[in-house]
Amino acid sequence: MTLLKFLKLPLLVTLWPLCLFAQSEPPNVLFIAVDDLNNWVGFLRNHPGVKTPHMDRLADRGMVFTNAHCSAPGCNSSRSSLFTGLRPSSTGIYANGHDWRKMETTRDVETLPDTLQAGGYKTMRGGKLYHAHTISESANEGHLDPEPWNGFFPSRNLQLPPEVEPAKWPVNTNRTFYRGRFDWAPLDIDDSEMGDAKVVAWAEGELSKTHEKPLFLAVGIYRPHWPWWTPQPYFDQHPLEEIEFLDDPDNDLDDLPDAGRSMVRKKWDDWILENGKRKQAMQGYLASMTFADAMVGRLLRALERGPLADNTIIVLWSDHGYHIGQKHHWEKFALWEQTTNVPLIIVDSRNGKSATRCSQPVSLLDLYPTLVDLCNLEKPAHLEGQSLLPLIKNPKQSTGRGVITTQGFNNHAIRTENWRYIRYADGGEELYNHQNDPHEFTNLASLTEFEPVKQTLSKMLPSKNVKPPTK
């Protein structure tokens, strides 16, 4: 052994345990939920003129699941499913008014923050993570579920800080649209006055500090949820003359079963069309998307400049998609691609590579078991999703899987890599081939040649369908 090698040996022996410790240090988690964010985001390339540069930059850092879907196209049913790890059909939580902490199927379930906190994490929550109305009602009756959270913002009993409103509203619609709150208008205010900016400012403070335990920081950004009242500069980034509205065929609803047509807010679309408001409404939504993106950018900058930068998993997700006139529908609460497909990014440099994409169908239901795996914690037995860790490591593998989205009792959609199959409670069906028909214009369900496809996909429907609560 040379003298040089001999002199290096003690140093290597000394540093080896430190390297091993650094590799086994539990990761922090920045968990970003964006409300009503559809699949138009820049990194999914589904609509022209969308400006989400910060989310696009985040996508370049990790894994984008291009075929990710919500388990339910509504705030409460989607979020309660994600945090409990159970399908809506297993819990009976189908509507925003169902209080998941009071229901027998979920009130004693170990939630995602429960598991993380029990595994040694400091759990912090700011902004909308659960459904706003349900949690505020529960708080008044002592059912807020405070135990798995070490901190809250703005408070234990509230999720959202007060919002700035126009002096007179609605500005562009009328009070038949959610009592005037389905509306859009630029605001002459600074970003800092928006409720989302106050939530993000709190989160920036948490990201600037060291913590005595690994941190799970869950941040809910409310926009682009209606009303699309957003500071003027975000409207300015989307001039009306540059907005492209991709019209669906006039007869797009003709081949739908009655149950499918009943989910369409056709009266809304008729009013918006008759009053020449389509581009203006889209401008409001795009402006709110870009505002939400700016809030994501602030979170990413705070993380990059703070002490947690080198050991933090980042997850960005939306609770469901959103229609801006597709199929003559506005909002969510339906079972088509525009409603169920959601942005989903996971950044974990320990397990995945940057700038990668996976086209396999996955569900938001999978985030609970995925985080348990990424954080090396014990997985609860009740989880109905699948860990995405194998896909993070090998995104090109084919799973042959179909993921389920549920809207109301016994109404389900199955999304595979190439197909969407919808079966409603009354037996009505829809079938779309996404290789040839990505916008789902042609329902193939009535054609006998596709019976084998339907039979295969129908086997993936959930066998358990819990009825909703009677009250």
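Read-outs throughout are calculated quantities, based only on the coordinates presented, and are distinct from any laboratory measurement. The shown structure was predicted, so the numbers you read here are calculated from the model rather than taken from an experiment. All Cβ positions, even for glycine, are placed from backbone atoms using ideal geometry, and neighbour counts span all protein chains on display.
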Got a sec to turn the phi values of the range 396-406 into Karplus ³J(HN,Hα) couplings, 6.51 cos²θ - 1.76 cosθ + 1.60 with θ = phi - 60°, whole Hz, x for Gly and Pro?
-> 8, 5, 9, 9, x, 8, x, 9, 10, 10, 10
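Run through the DSSP bridge list for the chain and note the antiparallel percent, rounded to the nearest 5. Walk me through the numbers on the way to the answer.
Details: 22 of 53 bridges.
For the chain, the DSSP antiparallel bridge percentage is about 40.
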Rounded to whole angstrom, the alpha-carbon centroid of the range 372-415 lies from that of the range 196-220 at a distance of 27
Long-range amide H contacts for Gly220: which residues qualify at under 5 Å (H placed 1.01 Å from N, peptide plane, sequence gap of 5 or more or a different chain)?
-> Ala33, Gly126, Gly127, Lys128
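About the Cα centre of the range 95-254, what is the dipole size in debye to 20, counting +1 per Lys and Arg Cβ and -1 per Asp and Glu Cβ, all else neutral?
1000
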Classified through the alpha carbon gyration tensor (a ≥ b ≥ c as square roots of its eigenvalues; rounded if a/c is under 1.5, else prolate when a/b is larger than b/c, else oblate), the range 235-389 comes out oblate
Length-normalised contact order of the chain, Cα under 8 Å, at least 6 apart, in percent, tallies to 25
Collect residues whose amide H, placed 1.01 Å from N in the peptide plane, falls under 5 Å from the amide H of Val29; neighbours closer than 5 in sequence don't count.
-> Leu215, Phe216, Leu217, Ile313
Given charges at Cβ of Lys, Arg, Asp, Glu: the range 86-245 dipole, positive-most of Thr111, Gly195, Thr123 | Thr111
Note on the range 337-459: contact order normalised by length, alpha-carbon pairs under 8 Å, 6 or more apart, percent, works out to 17
Peptides 419-432, 173-186 ordered by average Cβ neighbours within 10 Å, highest first | 419-432, 173-186
Derived scalar couplings ³J(HN,Hα) [the range 336-347; Karplus, 6.51 cos²θ - 1.76 cosθ + 1.60; whole Hz; x for Gly, Pro] | 9, 4, 5, 8, 9, 6, 10, x, 8, 10, 10, 10
Taking placed amide H atoms and a strict 5 Å upper bound, the residues 5 or more places from Ser318 or on another chain that come that close are Val34
Using a simple charge model, +1 on the beta-carbon of Lys and Arg, -1 on the beta-carbon of Asp and Glu, nothing else, what dipole does the range 389-448 show about its Cα centre, in debye to the nearest 20?
-> 420
Using a/c under 1.5 as the rounded threshold, could you call the chain rounded, prolate or oblate? The axes a ≥ b ≥ c are square roots of the C-alpha gyration tensor eigenvalues, and prolate needs a/b larger than b/c, oblate otherwise.
-> prolate
Listed highest first by mean packing, meaning other Cβ atoms within 10 Å per residue, what order do 360-368, 273-281 come in?
-> 360-368, 273-281
Label-point separation, Thr456 to Arg301 (7 Å along Cα→Cβ), nm = 4.9
Highest first, please rank the peptides 35-47, 388-400 by the mean number of other Cβ atoms sitting within 10 Å of their residues.
-> 35-47, 388-400
Output ³J(HN,Hα) for the range 152-165: one whole-Hz value per residue in order, computed from phi by the Karplus curve 6.51 cos²θ - 1.76 cosθ + 1.60 with θ = phi - 60°, and x for Gly and Pro.
-> 9, 8, x, 6, 4, 8, 10, 9, 10, x, x, 9, 7, 10
Mind running the shape call on the range 264-323? Use the C-alpha gyration tensor, a ≥ b ≥ c as the square roots of the eigenvalues: rounded below 1.5 for a/c, prolate if a/b tops b/c, oblate otherwise.
-> oblate
Cα convex hull of the range 205-275 - mean projected area over all directions, nm² = 9.8
